[in-house]
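What follows is a single structure, written as structure tokens, with notes after it.
The values are calculated or read from the model by the stated rules, or taken from the named source; none is laboratory data. These numbers were taken from a predicted model, which means no experiment stands behind them. Backbone-built Cβ (ideal geometry, glycine too); neighbour counts: all protein chains shown.
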Amino acid sequence: MVERPAETNAGAAMVDAEPLDRRTVIGERSVTDSVLARIRSRLPEFTGALQRVAEQVLTAPEAAARATIVELAERSGTSPATVTRFCRAMGFEGYAGLRLGIAAETGRSRSAGWTVDIGREIQPSDPLDRVLDQIMAADTRAMHDTAALLDLAEVERAADAIAGADRVNIFGASGSALVGEEMQFSLHRIGVPVWAWNDVHEGLASAALLRPGDVALGISHSGQTRETIETLAEAASHGATTVALTSFPRSALAELADIVLLTAAQATTFRPDALSARHPQLVVLDLLYIGVAQRTHDRAHSAFQRTAQAVDGHKAGKGTAA
């Protein structure tokens, strides 16, 4: 068991002193907002006592929604004053607002069937039907959390930038590279001049050739992947518009980018956050792709028809006679 550090006010002071994220609405939250997704995205910022409160809420949100401020403080090994500071750090005026937001969210999840097995460890003996239920519940929850976190105005900005760009570069490593290649394929089919890079040397060389009006998209769940940060920074230094797709709004990648697209993740056994973020990432990029296609409708429609016709002869049953 990991020993917790003694409770101090240092972590609370650090968070309280920081302004809320520019995409965060100050004051009491709408109950339609995803409170848990926002807590999860800001978890790396919290330290000490505030982190313990956040972890307790994320571990047992339904219990937190029913708990008094004293009960939540006891369960997290903190104090009511710390819980109050946590509420304010999340943009609530007090504990009542936090409870209301969590209760509304867990109630919606339960009525929609999203909570089935979420957070339960998958056992080696579990039948596949139970595993399937858990994966579906986790992915459904992650999709809804992503929809709540995503700033559609940022998506609009990114779509405008890509639609008008002479060149688009996509950067990512490991699993994020696979997601980037999917986006590259989609944009390429509608005539967008786009390249996806997963090698840092090739990525840096390509980023160095970008100019104002071009776009660089960096993909990293954590927002801390060094290679992706380096290539996006190189692109920014040459005047390109930079876009970050990440789950953490105050990560190094997000702080670097002109436009930030946020995703949420719901980890399951054998699928940690970085892997479970893949489907929400694809959904956000699909939305961005459609936005670009809408803005370049005539060109996109013509390109899609030509590319579809080019490969049509290779479909089964359509081969030419010898």
Practice problem: Pick out the one residue from Gly77, Gly119 that is at pLDDT below 85, on the phi > 0 side of the Ramachandran plot and surrounded by fewer than 20 Cβ atoms within 10 Å (Cβ to Cβ). | Solution: Gly119
Practice problem: Identify, from the list Leu132, Leu98, the residue that is at pLDDT 80 or above and either surrounded by 16 or more Cβ atoms within 10 Å (Cβ to Cβ) or under 16 Å from Ala37 (Cβ atoms) (or both). | Solution: Leu98
Self-check item: Yes/no for Asp151 being under 17 Å from the mean Cα position of the chain (by Cα), surrounded by 18 or more Cβ atoms within 10 Å (Cβ to Cβ) and acidic (Asp, Glu)
Solution: no
Quiz item: Are any residues in the range 156-187 in a helix (DSSP H, G or I) and among the polar types (S, T, N, Q), and if so, which ones?
Solution: Ser176, Gln184, Ser186
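Can you name every residue in the range 232-253 that is part of a loop (DSSP other than H, G, I, E, B), under 20 Å from the mean Cα position of the chain (by Cα) and not small (Gly, Ala, Ser)?
Phe248, Pro249, Arg250
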Quiz item: of a type in the set (S, T, N, Q) and over 12 Å from Val53 (Cβ atoms): does that describe Thr106?
Solution: yes
Quiz item: Out of all the residues in the range 299-306, is one or more touching a strand residue (DSSP E or B) at 6+ places or on another chain (Cβ under 7 Å) and crowded, with 18+ Cβ neighbours inside 10 Å?
Solution: no
Self-check item: Restricting the range 211-231 to residues that are of a type in the set (D, E, K, R) and in a helix (DSSP H, G or I), the residue that is surrounded by the fewest Cβ atoms within 10 Å (Cβ to Cβ)
Solution: Arg226
Quiz item: Which residue pairs have Cβ atoms under 7 Å apart, sit 6 or more places apart or on different chains, and have a first residue in the range 198-210 that is surrounded by 13 or more Cβ atoms within 10 Å (Cβ to Cβ) and a second that is small (Gly, Ala, Ser) and part of a helix (DSSP H, G or I)?
Solution: Asn198/Ala177; Ala207/Ala235; Leu210/Ala235
Quiz item: Can you tell me which residues in the range 46-65 are touching a Gly at 6+ places or on another chain (Cβ under 8 Å), assigned to a helix (DSSP H, G or I) and surrounded by fewer than 20 Cβ atoms within 10 Å (Cβ to Cβ)?
Solution: Gly48, Thr59
